[in-house]
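Derivation of every value follows stated rules applied to the coordinates shown; laboratory data play no part. Since the model is a prediction, treat every value here as computed from it, not as a measurement. Glycine also receives a Cβ, built like all others from the backbone with ideal geometry; neighbour counts cover every protein chain displayed.
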Amino acid sequence: MKFPLFLASRYLVARKSTNVIHLLAGLSILGMGIGAAALVLVMAVFNGFESLVYGLSNQFNPDIHITPAQGKSFLPDSMWITKLYQDPDVAALSQVLEENALFAYGDVQDIGVLKGVDLTYTQVSHVDSFMLEGQWVLKDEATSHAMIGAGMASKLGINSRDMVESLVVYMPNRKRIGPFDQPFIRRFLPPTGIFSIQPEVDLQYVITDLDFVQSITGQRGGLSALELALKPGTNSKQALERIRVSAGPEFTVKDRIGQEETFLRIMNIEKWVAFAIMCLILLLVAFNIAGTLWMMVTEKKPDIAILKTMGATSKQVQRIFMLNGILLCSVAFIFGALGALAFYFLQHQYGLIPVPPGFIIDAYPMEIRWFDFVIVLITVITIGSLAAWLPARRAARVDAIIQGE
């Protein structure tokens, strides 16, 4: 193996008889290097968005989320609730009831999610830390209050400083019997706070106290979920399994990753589709590598004949040019990786590529994961090997003695 590798490295850096081969080799390294850098950066951008959205979701999602396996709501067992409260790994427990509702403010209407929570909710979620306007007050002595997502507030045109206009909540009347009964139950909620976490949450949610939602839905004591916060340093996997056993098959128990399973799956699909598209571009660059190696084989025919005369086998000759292609792609990967790292640090420092106005960040987020470099290196070397295969096969078929014309 040392002999083919030595000659392959010599052929890579040795002076060629024609400048065209030098030019093609340089273009091949440049093209493959740019492609490798693009692969790393594309994956870094997807990683950045994944971490950003997942991190923002964690401010809203609890450590453990318990929902009924069938149906939308359930009546909690007080003994089971007490057992969860006494769990050594549980720091806080919040009882939640969510329902879709129609919201109206002035002449504007929109559909969203009405979420009722108890007083311990702020120990489970950190929504109260992301208030844009007003204060986190779910209920006072007089009435319940609405904490509204920024997207929903924008759609409805809500002014949290307006003490006169209230948010109107419409809920289907489940007790309707005759045609003269009202089809909807209507309640008023003063909008006293606006929060902003991430678009998916901001565009849907209106949060108020649990009693209000139980009253308007007619589900006295009913819940749609239990949300738990774990104590710092807790082994989340062990706690998840223990709570899952305690809940039984009637409930679905998910940790933070499980709650974002759909989002993470979509992000992974998008990332690998983008990766596949970039690989197709690299395959086009590989034709340039194949042409370079083909011309090199043509130039080195006398050398190949001499090597074979001295005892080199066809497999060794083929391995020389295969390694030549792999080395060429390895050099391209090194330059590409360095370029990607340089761009990554510049993007973090100066925000070279900004995002459109109105987003929660100013520039595209990036997160370098070193495993991505391994994947890109394997991809580049594989493409280089495919590009070198035909020229290497041609080199292996060169005769030991070149016959004169």
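How far apart, in nm, are two points set 7 Å out from the Cα along the Cα-to-Cβ line at GLU141 and at ASP211?
Roughly 1.4 nm, to one decimal.
Pick from GLU141, GLU367, GLU241: which is most flexible by mean-square fluctuation in a GNM of the chain where alpha carbon atoms under 10 Å apart are linked?
Of GLU141, GLU367, GLU241, the most mobile in the Gaussian network model is GLU141.
In the calculated pair distance distribution of segment 62-256, what percentage of Cα-Cα distances lie above 22 Å? Don't skip to the end; give the middle numbers.
Details: 9400 of 18915 pairs.
So the pairs more than 22 Å apart make up 50 percent of the total in segment 62-256.
Just flag the chymotrypsin sites (Phe, Trp or Tyr not before Pro) in segment 79-182 sitting in loop per DSSP whose Cβ has no more than 12 other Cβ atoms within 10 Å.
Passing sites in segment 79-182 are PHE180.
Can you sort ARG187, ARG369 so the residue with the fewest Cβ neighbours within 10 Å comes first? Before the final figure, lay out the partial values.
Working: ARG187 19, ARG369 13.
By the 10 Å Cβ count, ascending, the order reads ARG369, ARG187.
Report the FRET efficiency, 1/(1 + (r/R0)^6), for ILE81 and LEU283, where r is their Cβ-Cβ distance and R0 is 41 Å, rounded to 0.05.
With a Förster radius of 41 Å, E is 0.10.
Over segment 62-256, what is the relative contact order in whole percent, taking alpha-carbon pairs under 8 Å and six or more residues apart?
38
Cut-off is 10 Å between beta-carbons; in what order do LEU167, LEU27 appear when sorted fewest neighbours first? Write out the running numbers ahead of the final one.
Numbers: LEU167 23, LEU27 15.
The fewest-first ordering by Cβ neighbours comes to LEU27, LEU167.
What are the ³J(HN,Hα) couplings of segment 243-260, residue after residue, when phi is run through the Karplus curve with 6.51, -1.76, 1.60 and θ = phi - 60°? Round to Hz, x for glycine and proline.
5, 5, 5, 5, 6, x, x, 6, 10, 9, 10, 10, 8, 4, 5, x, 5, 9
Based on the alpha carbon coordinates of the chain, what radius of gyration and maximum Cα-Cα distance (Dmax) apply, in Å?
Over the chain's Cα set, Rg and Dmax evaluate to 32.0, 107 Å.
Can you sort LEU93, LEU203, LEU293, LEU338 from fewest to most other Cβ atoms within 10 Å of each residue's own Cβ?
Sorted ascending by nearby Cβ count, the order is LEU338, LEU203, LEU93, LEU293.
Run the numbers for ASN159 and ALA274: contour at 0.36 nm per residue of separation, minus the present Cα-Cα distance, in nm.
37.2 nm
Which lysines, if any, have their Cα less than 27 Å from the Cα of LYS315, not counting same-chain residues under 8 positions apart?
Cα-Cα hits under 27 Å: LYS2, LYS16, LYS300, LYS301.
Take every Cα pair under 8 Å in the chain that's 6+ residues apart, average their separations, divide by the length, and report that relative contact order as a whole percent.
Working: 661 pairs, mean separation 114.2, N = 405.
In percent, rounded to a whole number, it is 28.
Restricting to DSSP loop positions (anything but H, G, I, E, B) with no more than 15 other Cβ atoms inside 10 Å of their own Cβ, which trypsin sites (Lys or Arg not before Pro) remain in segment 86-165?
Answer by residue number: ARG161.
For SER129 and ALA104, FRET efficiency with R0 = 25 Å and r from the beta-carbon atoms, rounded to 0.05?
Given R0 = 25 Å and the Cβ-Cβ separation, E is 0.30.
Using a Cα-Cα cut-off of under 26 Å, which lysines could be cross-linked to LYS72, ignoring same-chain neighbours fewer than 8 residues away?
Straight-distance partners of LYS72: LYS83, LYS115, LYS139, LYS175, LYS237, LYS254.
Report, in deg cm²/dmol and to the nearest 500, the calculated mean residue ellipticity at 222 nm for the chain, where each DSSP H run with n ≥ 4 adds -39500 (n - 2.57) and the sum is divided by the residue count.
It lands at -17500 deg cm²/dmol.
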